[in-house]
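The values are calculated or read from the model by the stated rules, or taken from the named source; none is laboratory data. Everything quoted here is computed from the prediction, not taken from an experiment. Ideal geometry is used to build each Cβ from the backbone, glycine not excepted, and the neighbour counts take in all protein chains shown.
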Amino acid sequence: MGKLYSIGEVLIDFIPLQKGRALKDVTTFERAPGGAPANVAAAVAKFGGVSSMITKLGKDAFGDFLVETLEKSGVETDKIIRTDEANTALAFVSLREDGERDFSFYRKPSADLLLTADEINEDWFGVGDILHFGSVDLVESPMKHAHIKAIEQAKLKGSLISFDPNVRLPLWESPEDCRQTILEFVPKAHILKISDEELPFITNVKDPEEAIQSLFIGEVKAIIYTKGSHGADLYIKTNKYESRGYSVDVQDTTGAGDAFIGGFLYKLLSRRTTQETLEEICQANHQEFLAFSNASGALTTTGKGAISSIPAIEQIIQLLEQAK
């Protein structure tokens with residue numbers, strides 16, 4: 001099967017031990033590995049795929065911990081560069097009673113933002129591979145230009161490009177800066193994953209169907225619209241496929257969307273999907289792909305943290321069997 005390359009942030013999430021408190025009122029936290037692209041890479045590896053992380057980490061204890069965690073999850077770490085110019089990024093999270101989150105980030109800059117375009121090797125990518133990225137590391141920095149080069153080179157080598165905006169407004173100078181940057185990168189992707197919360201913000205369109213159609217620009221061929229516990233819809237230019245979610249005991253929603261898209265990309269990789277076959281494969285396997293992805297995302301919410309809560313493929317299969 002093809003390989004997933006994830007580019008972007010790998011960081012430490014400090015998860016509160018108390019639910020239902022504002023971040024300023026939380027007194028104790030638990031360390032958890034995170035960063036959306038890293039979560040996706042870990043999901044693909046845990047499900048039995050091959051994945052590799054492209055980033056930069058500080059030469060510090062948190063960087064050591066993250067590399068070890070990714071390796072234990074089966075993610076290749078040979079494309080992670082270490083630096084003493086900046087520290088590994090940290091994010092402090094507060095959890096509401098419903099498991100939703102607030103974030104406070106420490107990275108001005110963090111090591112991941114210092115990855116340069118020159119450190120991207122065009123020989124990494126090939127046909128049947130997927131390059132996945134988010135918007136957190138698209139703030140103006142060397143890392144933004146590393147993304148641009150990676151996307152260009154992966155595309156030239158025949159790889160698919162996957163983009164999950166994963167909006168985190170506290171990291172941006174303004175909401176409009178975030179929105180415009182996301183819209184700059186949407187046309188570069190073949191696969192776009194977007195949540196019901198993000199869609200109206202990114203498109204400035206209230207009607208979901210109209211908003212989704214407005215995102216079929218540039219090279220976008222498939223859009224996955226996630227609706228939390230209500231499931232997800234898969235759009236290709238000519239069709240829409242709906243799916244339902246799964247009812248679970250939600251503890252923490254951190255990483256659920258990453259596990260979802262990780263599951264979807266794993267399924268695409270298992271069929272060695274190419275730029276030319278993406279729409280056909282999505283059309284033929286939409287039910288299987290969405291069910292697997294929904295189960296992966298749902299089960300991830302039953303634990304705390306992201307990477308540590310991604311389920312084993314056996315757990316996903318069990319949930320799918322129980323739901324029949």
TODO: Out of the residues in the stretch 130-149 that are of a type in the set (Val, Ile, Thr) and in a helix (DSSP H, G or I), state the one that is nearest to Gly34 (Cα to Cα).
DONE: Val136
- [ ] Look through Val127, Val167 and report the one residue that is surrounded by fewer than 18 Cβ atoms within 10 Å (Cβ to Cβ) and either part of a loop (DSSP other than H, G, I, E, B) or touching a Pro at 6+ places or on another chain (Cβ under 8 Å) (or both).
- [x] Val127
Open item on the list: Residue under question is Gln283, and the condition is that it be part of a helix (DSSP H, G or I) and free of Cβ contacts under 8 Å to residues at least 12 places away in the same chain; does it hold?
Closed with: no
Open item on the list: Looking only at the stretch 178-198, count every residue that is in contact with an Asp or Glu (Cβ under 9 Å, 6 or more places away or on another chain) and without any contact (Cβ under 8 Å) to a residue 12 or more places away in the chain and tell me the total.
Closed with: 0
Task: Checklist (1) surrounded by fewer than 22 Cβ atoms within 10 Å (Cβ to Cβ); (2) touching a residue at least 12 places away in the same chain (Cβ under 8 Å); (3) under 17 Å from Met1 (Cα atoms) applied to Tyr266, failing item - done: (1)
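Take the residues of the stretch 245-259 that are of a type in the set (Gly, Ala, Ser) and either over 17 Å from Ala323 (Cβ atoms) or buried (at least 19 other Cβ atoms within 10 Å of the Cβ) (or both): which is modelled with the lowest pLDDT? First the steps, then the outcome.
The initial filter retains those residues of the stretch 245-259 that are of a type in the set (Gly, Ala, Ser), namely 245, 247, 255-257, 259.
Narrowing the set further to residues that are either over 17 Å from Ala323 (Cβ atoms) or buried (at least 19 other Cβ atoms within 10 Å of the Cβ) (or both) leaves 255-257, 259.
Values: Gly255: 86, Ala256: 91, Gly257: 93, Ala259: 95.
Selected residue: Gly255.
Residues in the stretch 58-79: is at least one under 14 Å from Asp137 (Cβ atoms), buried (at least 17 other Cβ atoms within 10 Å of the Cβ) and touching a Lys or Arg at 6+ places or on another chain (Cβ under 8 Å)? Spell out how you get there, then give the answer.
Filtering the stretch 58-79 for residues under 14 Å from Asp137 (Cβ atoms) gives none.
No, every residue in the stretch 58-79 fails to be under 14 Å from Asp137 (Cβ atoms), buried (at least 17 other Cβ atoms within 10 Å of the Cβ) and touching a Lys or Arg at 6+ places or on another chain (Cβ under 8 Å).
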Open item on the list: Looking at the stretch 6-27, can you tell me whether even one residue there is surrounded by fewer than 19 Cβ atoms within 10 Å (Cβ to Cβ), β-branched (Val, Ile, Thr) and either more than 30 Å from Asn121 (Cβ to Cβ) or touching a Cys at 6+ places or on another chain (Cβ under 6 Å) (or both)?
Closed with: yes
Open item on the list: Testing Gln322 on (1) free of Cβ contacts under 8 Å to residues at least 12 places away in the same chain; (2) in a strand (DSSP E or B), one condition comes back false. Which one is that?
Closed with: (2)
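Got at least one residue in the stretch 147-162 being in contact with a Pro (Cβ under 9 Å, 6 or more places away or on another chain), among the aliphatic types (A, V, I, L, M) and at pLDDT 95 or above?
Pass one, the stretch 147-162, residues in contact with a Pro (Cβ under 9 Å, 6 or more places away or on another chain): none.
For the stretch 147-162, residues in contact with a Pro (Cβ under 9 Å, 6 or more places away or on another chain), among the aliphatic types (A, V, I, L, M) and at pLDDT 95 or above: absent.
For every residue, the table says whether it meets (1) buried (at least 23 other Cβ atoms within 10 Å of the Cβ); (2) β-branched (Val, Ile, Thr).
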| site | (1), (2) |
| --- | --- |
| Pro37 | yes, no |
| Ala41 | yes, no |
| Thr55 | yes, yes |
| Leu90 | no, no |
| Tyr106 | no, no |
| Asp112 | yes, no |
Task: Top-ranked residue of the stretch 216-244 - restricted to ones that are β-branched (Val, Ile, Thr) and over 19 Å from Glu288 (Cβ atoms), ranked as surrounded by the most Cβ atoms within 10 Å (Cβ to Cβ) - done: Val220
TODO: Write out, first by first residue and then by second, each pair whose Cβ atoms fall under 6 Å of each other, whose residues are 6+ apart or on separate chains, and whose first residue, in the stretch 58-81, is at negative phi and acidic (Asp, Glu) while the second is in a loop (DSSP other than H, G, I, E, B) and at pLDDT 95 or above.
DONE: Asp60/Asn87; Asp60/Thr88; Glu71/Thr77
Open item on the list: Tell me which strands (runs of 3 or more DSSP E) are completely within the stretch 222-270 and hold 1 or more residues being among the hydrophobic types (A, V, I, L, M, F, W, C), or say none if there are none.
Closed with: 222-226, 232-236
